[in-house]
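Inspection log for the structure reproduced underneath, given as structure tokens.
The values are calculated or read from the model by the stated rules, or taken from the named source; none is laboratory data. This structure is a prediction, so every number in the text was calculated from the model and none was measured. Reconstructed Cβ throughout: ideal geometry from the backbone, glycine too, with neighbour counts over all protein chains shown.
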């Protein structure tokens, strides 16, 4: 390796000069001294240009750049419109979910004072479970309510804000005052006082503020109570306790595990300062299910998430700590990638044919697998002229595509109507484990729902229902079911039948277990059991007919509606089902990337030669060479051995001409890099050995 | 006013503190020469502060009161002393004259106090009392603070400093001989009962006055003997327990139940016999303060409530699948000695009979060992003087340790595991810190749904880090930097690499339950598990 290259290699990271473990000292050349000095970085104001360019041309033209600007713009606008509507919905769902707890907490804060709590600090314990973000929303809304009514405010303290008592008190006081007065108000408040200047952590400041504002409730919320140091918590709380007669504190503790676990970790003296109530925030899973349901069953919906994406999303919520916000971000990303990267998505914006009629878009449509299937179906149906038209006439193709997009969107809506109907049925038929909408949706989107066990069980259970149960079931069905089901007729028939036979108790169908009789016959000392129908009364026969009608209609409806969405022509436009960008983006793998970069540096760097033969070569960065040697060693490795091996790599390449000292410095540099990655440390067992502390591929 | 009169006027409101009130009154009386320093000590809830305040206001001595527990630093305390003095002397508006209201050292305080006391009007140049409440609890106090404050009174003749301590002072702790001490001892049985009877009785509707006045004194005495006396409870606890239990105690009378034995009337003995269980259950739970009080509104219901429901733990937290698995691995990593990793977790010794036997052998060995350690520790606690450092724990198992371990095994586990289902450790080996790489390796070993093609699937380490961060925020897993235990990190909880090693912070059966939920049997790898 030539010295110039080496110098470059060592100098390539000027920014890491701060924490560089090893470097080669080069005295500055006298002539160039002034010019070598790094120029000061200027603040570059990028705000001015960003303001204009954000709306224009966010999306790049697709189809090899042949897409026209209007289409790209249209895609962007459609995305914006669609997502803002969905986002509003998500927001309202989140608010709705919190509403119950918020009302409880608010009334607790209003009703409780130290007097009602036996002189202890009124404390609300809010268990949030894995739904970590809900507390933030809750607290900000609580703050809004309290400050608009002039009763006080909420001070949120996080464990990061509370390294010690002084700082946390400072933060609390500052937050309480800036909450209503703003930052300048705080400065003014501290300086423009009548008396001597107070220390920043003196609760007298807060006391003054409370007296001046007439605050009735000052809520102190510890968002992640578990992460607080118990000693600090004890100090803080005892301080509040002693000020309680002057400052109306209420404490809200956010707990992610359980009240018992939390209480068990606090000292007894600390627990005895607190008294209050326990609130529970709804689990994140419920929230996510509701969000998903509203996204997919939206009557104005244009884009649907396919089953791959749905299962990825749901897996993420069930297996990991994930907030509803994170869920909605993932959905947003999915929407975004669809509109960003799929030229067909322009069709969702219901464009005027003039803007989109491009050769390239039509070519793209002709290359779709669903187009091929559609043509094959047309051919089988015996209309080759249509197919020829589609293949040759761009205008006709676009028209067809657009009409199929809207038809397909309708089909998707119907599928979700059916899913909701099934869910409504299941509320009545399943007693123990209730399937939720998202589980059903995954099956529906993969086209398996109709043949699934769930639906079979559901229909079988409906058959056995007596009239007492069937009535409410029919009443509770959603309005979205089509008229073709003739539900109204069934309902009226049932009502008249029940009315006329009201005296005889509930009607039973022939499928009901009470309606079949087991006969026992003894033949040659063997008992034969035979099931037979008991004689059904006339009204029961009538009722059975109604039940049969209902079940038949349902079965027909479900088979018609619950198709596989991938069979629809143009489904690529309105169904987003690519698992990959989503999964890759939301599970970053820094360690994997790091290990790969070190083990195979030419996966990332451009190699000057074709480094195919030897795995370790001099052309690789020194750290990578050392890392690969390190991989070959055991848990303890002698530094001298490592050096020998490292040197051998260079020696074999350069023969006798290699520079000992340069290689040694490279070795040290690589070693300090590995150390800063946390891969090696000095061993305590043997002084001249290094201990390996990271293994590849874990 | 004479000291005896002061004591008499106070005793109607604060009974049983006559002697102390008289001592204080005579020492602080405006006509007696000023005393430089006075120490008042006694455990908490013995009426120290109240009596001092009462005496001072009855005698109408000018005084300033500083609650030392409200001062964050020593400087804060000194500043507060100055301000409160100024306020008491009515010189609050002239603060700029006295060091601009700043006071950073005791020596400054002496000068400033002297100045402001000298600035008083001619007629008010009497005694001035400065009360420093809970001064022994002062945060960040320098060692010399107490004795320095005690000198204040010597330097300024008209000043009397009263130091209120809640711990018993060591002899000569002020480095000064002959400082008068007034001690506030805890109330005796008779005093406590008298105080409680003097305060109004809790009201119970539709209870005849005659019955209550007859039964209540006995009841109070019984509560003291059963609950308060043995636990050294204070008067407020005493009162709150009486108020809690009294409605339950007289519930049979209120509900009109017929007294047993054909008697026409309920008397104390019969009520006590009827309510035997009350003292055991409600009473003991009343002694332990909980943040969320248990509902005792419906006496008839709570009395009949079976023990199981009241002791049942509330819903335990539920973690997502992946986090549960990580927590389980962390638990295993903490509770399995590292040298046995290859035996327990290696894929090469997975399921053959001999391997299983080997593992079972090690589990038993570990269990016995851990119990031996526990015993050792117990013995060590009994005799703290034995030097424990440097002594190597022998892993040799003698016959006696074996037999004693088997004898105590059931007792220990059941005793510890009783509390609310979370606290009980299923193994007695204490949690030990482990490096992160070991957690990852164990994760791969215990994963119930291992990837089908481990070569091609991406590494999960990065996802594990993310979840571990959340677990850490919940304090289920904590970085073990030097010490074991969760109180170790003093500050800066957010810094990520405080230590290279981690430690699981929640012990026991809860993790076992969680792990069972995702199909991992923790006992298979633990000392004493599966037995």
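Restricting attention to the range A:129-141, the residues that are surrounded by 16 or more Cβ atoms within 10 Å (Cβ to Cβ) and more than 10 Å from chain B (Cβ to nearest Cβ) total 9.
At least 1 residues being at pLDDT below 55 and within 14 Å of chain A (Cβ to nearest Cβ) is the threshold, and among the helices (runs of 4 or more DSSP H) wholly inside the range B:261-326 those reaching it are B:307-311.
Residues in the range B:12-38 that are under 23 Å from residue B:86 (Cα atoms) and in contact with a strand residue (DSSP E or B) (Cβ under 9 Å, 6 or more places away or on another chain): B:28, B:34, B:35, B:36, B:37, B:38.
Within the range A:115-128, being more than 10 Å from every other protein chain (Cβ to nearest Cβ) and surrounded by fewer than 21 Cβ atoms within 10 Å (Cβ to Cβ) holds for A:115, A:116. For the range B:91-99, state whether one or more residues are within 40 Å of the chain's Cα centre (by Cα) and part of a helix (DSSP H, G or I). Taking every residue of the range B:91-99 in turn, at least one turns out to be within 40 Å of the chain's Cα centre (by Cα) and part of a helix (DSSP H, G or I). Residues in the range B:180-193 include at least one that is more than 18 Å from residue B:284 (Cα to Cα), in contact with a strand residue (DSSP E or B) (Cβ under 6 Å, 6 or more places away or on another chain) and either at pLDDT below 85 or part of a loop (DSSP other than H, G, I, E, B) (or both). Assess whether residue A:517 counts as being at pLDDT 70 or above, over 30 Å from residue A:421 (Cβ atoms) and not in a helix (DSSP H, G or I). Answer is no for this residue. Scanning the range B:209-228 for residues that are farther than 15 Å from residue B:275 by Cβ and either surrounded by fewer than 14 Cβ atoms within 10 Å (Cβ to Cβ) or at pLDDT below 80 (or both) turns up B:209, B:210, B:213. It is to be established whether one or more residues within the range B:145-167 are under 30 Å from the mean Cα position of the chain (by Cα), modelled with pLDDT of 85 or more and assigned to a loop (DSSP other than H, G, I, E, B). Scanning the range B:145-167, I find at least one residue that is under 30 Å from the mean Cα position of the chain (by Cα), modelled with pLDDT of 85 or more and assigned to a loop (DSSP other than H, G, I, E, B), so the answer is yes. Counting only helices (runs of 4 or more DSSP H) wholly contained in the range A:279-392, the ones carrying 2 or more residues that are at pLDDT 85 or above occupy A:284-296, A:307-319, A:324-341, A:359-366, A:369-381, A:384-392. Candidates B:78, B:38: the one that is modelled with pLDDT of 90 or more, within 14 Å of chain A (Cβ to nearest Cβ) and under 27 Å from residue B:178 (Cα atoms) is B:78. Going by the conditions given, is residue A:684 under 42 Å from the mean Cα position of the chain (by Cα), without any contact (Cβ under 8 Å) to a residue 24 or more places away in the chain and surrounded by fewer than 19 Cβ atoms within 10 Å (Cβ to Cβ)? Criteria not met by residue A:684. Every condition in (1) surrounded by fewer than 16 Cβ atoms within 10 Å (Cβ to Cβ); (2) without any contact (Cβ under 8 Å) to a residue 24 or more places away in the chain; (3) closer than 30 Å to residue A:309 by Cα is met by residue A:478 except one, and the failing one is (2). The residue that is surrounded by the most Cβ atoms within 10 Å (Cβ to Cβ), among those in the range A:658-681 that are part of a helix (DSSP H, G or I) and within 14 Å of chain B (Cβ to nearest Cβ), is A:675.
Note on the range A:209-233: residues that are within 14 Å of another protein chain (Cβ to nearest Cβ) and surrounded by 18 or more Cβ atoms within 10 Å (Cβ to Cβ) amount to 10.
One line per residue, one yes/no per condition, for (1) under 14 Å from residue A:94 (Cβ atoms); (2) in contact with a helix residue (DSSP H, G or I) (Cβ under 8 Å, 6 or more places away or on another chain); (3) in contact (Cβ under 8 Å) with a residue 60 or more places away in the chain:
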{"residue": "A:269", "(1), (2), (3)": "no, yes, no"}
{"residue": "A:277", "(1), (2), (3)": "no, yes, yes"}
{"residue": "A:294", "(1), (2), (3)": "yes, yes, yes"}
{"residue": "A:306", "(1), (2), (3)": "no, yes, yes"}
{"residue": "A:309", "(1), (2), (3)": "no, yes, yes"}
{"residue": "A:318", "(1), (2), (3)": "no, yes, no"}
{"residue": "A:321", "(1), (2), (3)": "no, yes, yes"}
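For the range A:77-93, which positions are touching a residue at least 60 places away in the same chain (Cβ under 8 Å) and surrounded by fewer than 20 Cβ atoms within 10 Å (Cβ to Cβ)?
Here is the first cut: in the range A:77-93, the ones touching a residue at least 60 places away in the same chain (Cβ under 8 Å) are A:77-79, A:82-83, A:85-87, A:89-90, A:93.
Of everything in the range A:77-93, those that are touching a residue at least 60 places away in the same chain (Cβ under 8 Å) and surrounded by fewer than 20 Cβ atoms within 10 Å (Cβ to Cβ) turn out to be A:77, A:83, A:85, A:87, A:89, A:93.
Checking each residue of the range A:176-193 against the condition of being crowded, with 20+ Cβ neighbours inside 10 Å, in contact (Cβ under 8 Å) with a residue 24 or more places away in the chain and within 14 Å of chain B (Cβ to nearest Cβ) gives no match.
A quick yes/no check of all residues on (1) over 24 Å from residue A:331 (Cβ atoms); (2) part of a loop (DSSP other than H, G, I, E, B); (3) touching a helix residue (DSSP H, G or I) at 6+ places or on another chain (Cβ under 8 Å):
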site: A:77; (1), (2), (3): no, no, yes
site: A:84; (1), (2), (3): no, no, no
site: A:108; (1), (2), (3): yes, no, no
site: A:136; (1), (2), (3): no, no, no
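Residue check: is residue B:21 modelled with pLDDT under 85 and under 36 Å from the mean Cα position of the chain (by Cα)? Taking the combined requirement at face value, the residue does not satisfy it.
Return yes or no: is residue A:160 surrounded by fewer than 20 Cβ atoms within 10 Å (Cβ to Cβ), within 26 Å of residue A:227 (Cα to Cα) and within 14 Å of chain B (Cβ to nearest Cβ)?
Values: surrounded by fewer than 20 Cβ atoms within 10 Å (Cβ to Cβ): yes; within 26 Å of residue A:227 (Cα to Cα): yes; within 14 Å of chain B (Cβ to nearest Cβ): yes.
Taking the combined requirement at face value, the residue satisfies it.
The set of residues from the range A:687-697 being under 47 Å from the mean Cα position of the chain (by Cα), in contact (Cβ under 8 Å) with a residue 40 or more places away in the chain and assigned to a loop (DSSP other than H, G, I, E, B) comprises A:696, A:697.
For the range A:242-278, a tally of residues being at the interface with another protein chain (Cβ under 8 Å from one of its Cβ atoms) and not in a helix (DSSP H, G or I) returns 9. Scanning the range A:325-341 finds one or more residues that are surrounded by 14 or more Cβ atoms within 10 Å (Cβ to Cβ) and within 14 Å of another protein chain (Cβ to nearest Cβ). A count restricted to the range A:566-590 and to residues that are touching a residue at least 24 places away in the same chain (Cβ under 8 Å) and outside any loop (DSSP other than H, G, I, E, B) stands at 13. Residues of the range B:473-509 that are part of a helix (DSSP H, G or I), within 8 Å of chain A (Cβ to nearest Cβ) and modelled with pLDDT of 50 or more: B:473 alone. Would you check if residue A:307 is over 24 Å from residue B:506 (Cα atoms) and surrounded by 23 or more Cβ atoms within 10 Å (Cβ to Cβ)? It is false that residue A:307 is over 24 Å from residue B:506 (Cα atoms) and surrounded by 23 or more Cβ atoms within 10 Å (Cβ to Cβ).
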